[in-house]
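Below: one structure, written as structure tokens.
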Amino acid sequence: MAEVTAQMAIERRSKPLSLEANFAELKRRLSEIYDLNAAKAVLTWDEATYMPRGGAVARGRQAALLKRLEHERAVDPALGRLIDLLEPQADKLSAAAASLLRIARRDFERAIKVPAEYVARVNAHSSASYNAWVLARPANDFATMAPFLEKTLELSREYAAFFTPYEHIADPMIDEADEGMTAAKLQCLFAALRDELTPLVRAICAQPPADDACLRRAFGEAEQIGFGLSIAAQMGYDLERGRLDKTRHPFCTRFAKGDVRITTRVNADHIGDALFSTVHEAGHAMYEQGVDPAFEGTPLGKGILSGMHESQSRLWENLVARSRPFWEHYYPRLQETFPGQLAAEPLESFYSAINKVEPSLIRTDADEVTYNIHVMLRVDLELKLLEGTLRVKDLPEAWRAGMQADIGVAPSDDRDGCLQDVHWFFDRIGGEFQGYTIGNILSAQFFAAATKANPDIASEIARGRFDALLGWLTDNIYRHGRALKPDEIVMRATGSPMTMAPYLAYLRTKYGELYRLPAH
């Protein structure tokens, strides 16, 4: 009897598993990868918020270990065999399951090109580089960061080499961040956008500048944080599934659908920093919180990087929170929060101040009209560094020259120059910045589609209501997670591929009115 039972067990093991069983095993393996990634994200969040400086070395080792373990599971041949088994039967799967299989294939094919030892090496370096940058930027110490940046550049080139052949060395990084995008496509997009923005910037800068003195007063930190968080919550950021903390460079991070956190920075002498960075990160967070719960624990269960994600943060930050209807409702509340600073300041002067256009040194402080020029400079420098036509030691001067030529101002130091953005000092070089401009373009395209479908959105915003806008974004963008490709979401939501037309129309209308420009 025992022999018969043993034989039956052997026969069961030798039989091919059913489609359902194979798919369940695929989801189990992907869930482990998801959880390891989330655990690593917790360490990264802590490193950027509460970790004492003495924990830096150990944190780099811990993060590298988790990333290595995640990578080992992501390239497990058994995972590849499961995908191979399931793909011929994809037509028998639901639409969501078929999307999961597609994303699993894309992620697996990318992962198997990258050795596990490289993953551990690059994560350890990123942690060390970030913690050095935290000290070096306020000290204006590019000399300390140059060796780190040289190593980052070396690692970035090494990463690109795993994906040969390519047309441009930056293409593997750009495609990973924005699927389907290449350096050549970016350069064409940026050239066309620059041609449209340059005359607009010149026309605005020829007018008397807006007075933004009302923003540059002493504002209490607790009050700034409280006001910004209350707005984020009213917009739709669920604080039962999120929280706000301080950091040096604001970000949003997702550990799970029920735990999506944002960070902000506070400038006691400028109310705009905390306010708009909080709303910006809340835009990212609402996207993550809006993903279909059925996708939790799988690669579908998060938003699409990077331009799609930035479209949401920029939409809420600029098209909503810098709009006149928004402040018709919220400005009296802001005056009540800061009566000594703003009680005597008219709404129109505050609205003009938060939309002031002027050449500036810092990307994250830049106005809507000049912001993309900052992004274009960084992408241009990334490409040159990767190509080898720009050396790291020459980056500070190239930055200054580019700022002077493109924006009309140049930093007097590296703190406000090439050290200002954390990206190159925490991640890789290549694919780091283009998402901001793609996001700006898409933000206006999505907002135009939303207001066409719901003409009362502007009047609702003026009453402090965001249900219609958030509902449209959730239905058309958020709930899909990664189940659809970026261009599919854009086409379905707006009826056309990505186009600059709504964005340019938005800028010309808004800033034409603010600066009394002739009709375009």
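The values are calculated or read from the model by the stated rules, or taken from the named source; none is laboratory data. Here the structure is a predicted model, which is why all the values come from computation and not from measurement. Virtual Cβ from ideal backbone geometry, glycine too; neighbours counted across all protein chains shown. The area values use the complete protein model at the heavy-atom level, side chains included, leaving out ligands, DNA and RNA. Shrake-Rupley method; radii C 1.70, N 1.55, O 1.52, S 1.80 Å.
Against the conditions (1) without any contact (Cβ under 8 Å) to a residue 24 or more places away in the chain; (2) open to solvent by 10 Å² or more (accessible area, probe 1.4 Å); (3) within 22 Å of Glu368 (Cα to Cα), where does Val422 fall short? Just the number, please.
Going through the list (1) without any contact (Cβ under 8 Å) to a residue 24 or more places away in the chain; (2) open to solvent by 10 Å² or more (accessible area, probe 1.4 Å); (3) within 22 Å of Glu368 (Cα to Cα), Val422 breaks only (1).
Here are the criteria: (1) closer than 22 Å to Ala366 by Cα; (2) free of Cβ contacts under 8 Å to residues at least 60 places away in the same chain; (3) not hydroxyl-bearing (Ser, Thr, Tyr). Tell me which single one Glu296 does not satisfy.
For Glu296, the exception is condition (1).
Tell me which of these Thr364 doesn't satisfy, since it passes every other one: (1) within 22 Å of Leu229 (Cα to Cα); (2) open to solvent by less than 10 Å² (accessible area, probe 1.4 Å); (3) of a type outside the set (Phe, Trp, Tyr); (4) in a helix (DSSP H, G or I).
Unmet for Thr364, out of (1) within 22 Å of Leu229 (Cα to Cα); (2) open to solvent by less than 10 Å² (accessible area, probe 1.4 Å); (3) of a type outside the set (Phe, Trp, Tyr); (4) in a helix (DSSP H, G or I): (2).
Please go through segment 214-243 and pick out each residue that is touching a strand residue (DSSP E or B) at 6+ places or on another chain (Cβ under 7 Å), open to solvent by 30 Å² or more (accessible area, probe 1.4 Å) and within 14 Å of Met286 (Cα to Cα).
Selection gives Leu229, Arg241, Arg243.
Quick check on this structure: which one of Tyr436, Tyr351, Tyr371 is touching an Asp or Glu at 6+ places or on another chain (Cβ under 6 Å) and of a type in the set (Ser, Thr, Tyr)?
Details: Tyr351 fails: touching an Asp or Glu at 6+ places or on another chain (Cβ under 6 Å); Tyr371 fails: touching an Asp or Glu at 6+ places or on another chain (Cβ under 6 Å).
Only one candidate qualifies: Tyr436.
Can you name the residue in segment 163-175 that is open to solvent by less than 50 Å² (accessible area, probe 1.4 Å) and in a loop (DSSP other than H, G, I, E, B) and is also nearest to Gln434 (Cα to Cα) among such residues?
Quick first cut of segment 163-175, residues open to solvent by less than 50 Å² (accessible area, probe 1.4 Å) only: 163, 168-175.
Next cut, in a loop (DSSP other than H, G, I, E, B) only: 163, 168-170.
Values: Phe163: 20, His168: 15, Ile169: 15, Ala170: 12 Å.
Filtering segment 163-175 for residues that are open to solvent by less than 50 Å² (accessible area, probe 1.4 Å) and in a loop (DSSP other than H, G, I, E, B), the one nearest to Gln434 (Cα to Cα) comes out as Ala170.
For Gln445, only one of the following conditions fails: (1) open to solvent by 30 Å² or more (accessible area, probe 1.4 Å); (2) among the polar types (S, T, N, Q); (3) touching a residue at least 24 places away in the same chain (Cβ under 8 Å). What is its number?
With (1) open to solvent by 30 Å² or more (accessible area, probe 1.4 Å); (2) among the polar types (S, T, N, Q); (3) touching a residue at least 24 places away in the same chain (Cβ under 8 Å) applied to Gln445, the lone miss is (1).
Just one of Glu328, Glu345, Glu358 is assigned to a helix (DSSP H, G or I), out of contact with any strand residue (DSSP E or B) (no Cβ under 9 Å at 6 or more places or on another chain) and of a type outside the set (A, V, I, L, M, F, W, C); which is it?
Numbers: Glu345 fails: assigned to a helix (DSSP H, G or I); Glu358 fails: assigned to a helix (DSSP H, G or I).
The unique qualifying residue is Glu328.
In segment 248-277, how many are assigned to a strand (DSSP E or B) and buried (at least 21 other Cβ atoms within 10 Å of the Cβ)? If you could, list the steps in order and put the result at the bottom.
Of the residues in segment 248-277, the ones assigned to a strand (DSSP E or B) are 252-256, 259-264, 267, 270.
After this cut, where a residue has to be buried (at least 21 other Cβ atoms within 10 Å of the Cβ) as well, the list is 252, 254, 260-264.
Going through segment 248-277 one residue at a time, the tally reaches 7.
Can you tell me which residue is least open to solvent (accessible area, probe 1.4 Å) among those in segment 176-197 that are farther than 13 Å from Arg428 by Cβ and of a type in the set (D, E, K, R)?
If we take residues in segment 176-197 being farther than 13 Å from Arg428 by Cβ and of a type in the set (D, E, K, R), then Asp178 is least open to solvent (accessible area, probe 1.4 Å).
Being modelled with pLDDT under 95, among the hydroxyl-bearing types (Ser, Thr, Tyr) and either surrounded by 10 or more Cβ atoms within 10 Å (Cβ to Cβ) or closer than 28 Å to Ala98 by Cα (or both) is the filter here; which residues of segment 1-49 pass it?
Ser14, Ser18, Thr44
Out of segment 304-325, which residues are modelled with pLDDT of 95 or more, among the aliphatic types (A, V, I, L, M), open to solvent by 10 Å² or more (accessible area, probe 1.4 Å) and not in a helix (DSSP H, G or I)? Explain how you work it out, then say what you get.
Filtering segment 304-325 down to residues modelled with pLDDT of 95 or more leaves 304, 307-325.
Filter once more, so that each one left must be among the aliphatic types (A, V, I, L, M): 304, 308, 315, 319-321.
Those left that are additionally open to solvent by 10 Å² or more (accessible area, probe 1.4 Å): 304, 319.
Matches in segment 304-325: Ile304 only.
Report whether or not Glu387 is in contact with a His (Cβ under 9 Å, 6 or more places away or on another chain), open to solvent by 50 Å² or more (accessible area, probe 1.4 Å) and at pLDDT 95 or above.
Values: in contact with a His (Cβ under 9 Å, 6 or more places away or on another chain): yes; open to solvent by 50 Å² or more (accessible area, probe 1.4 Å): yes; at pLDDT 95 or above: yes.
Yes.
Just name the residue that is surrounded by the most Cβ atoms within 10 Å (Cβ to Cβ) out of those in segment 400-419 that are under 26 Å from the mean Cα position of the chain (by Cα) and of a type in the set (D, E, K, R).
Asp414
Inspect all residues belonging to segment 74-86 and state whether any of them is at pLDDT 95 or above, of a type in the set (D, E, K, R), farther than 23 Å from Ile304 by Cα and open to solvent by 70 Å² or more (accessible area, probe 1.4 Å). Working first, answer last.
Kept after step one, since they are at pLDDT 95 or above, are these residues of segment 74-86: 74-86.
If we keep only those that are of a type in the set (D, E, K, R) too, we end up with 76, 81, 84.
Next, only the ones that are farther than 23 Å from Ile304 by Cα stay: 76, 81, 84.
If we keep only those that are open to solvent by 70 Å² or more (accessible area, probe 1.4 Å) as well, we get 81, 84.
Taking every residue of segment 74-86 in turn, at least one turns out to be at pLDDT 95 or above, of a type in the set (D, E, K, R), farther than 23 Å from Ile304 by Cα and open to solvent by 70 Å² or more (accessible area, probe 1.4 Å).
Considering Glu460, Glu397, Glu432, Glu488, which residue is within 19 Å of Tyr371 (Cβ to Cβ) and open to solvent by 10 Å² or more (accessible area, probe 1.4 Å)?
Numbers: Glu460 fails: within 19 Å of Tyr371 (Cβ to Cβ); Glu397 fails: within 19 Å of Tyr371 (Cβ to Cβ); Glu488 fails: within 19 Å of Tyr371 (Cβ to Cβ).
It is Glu432.
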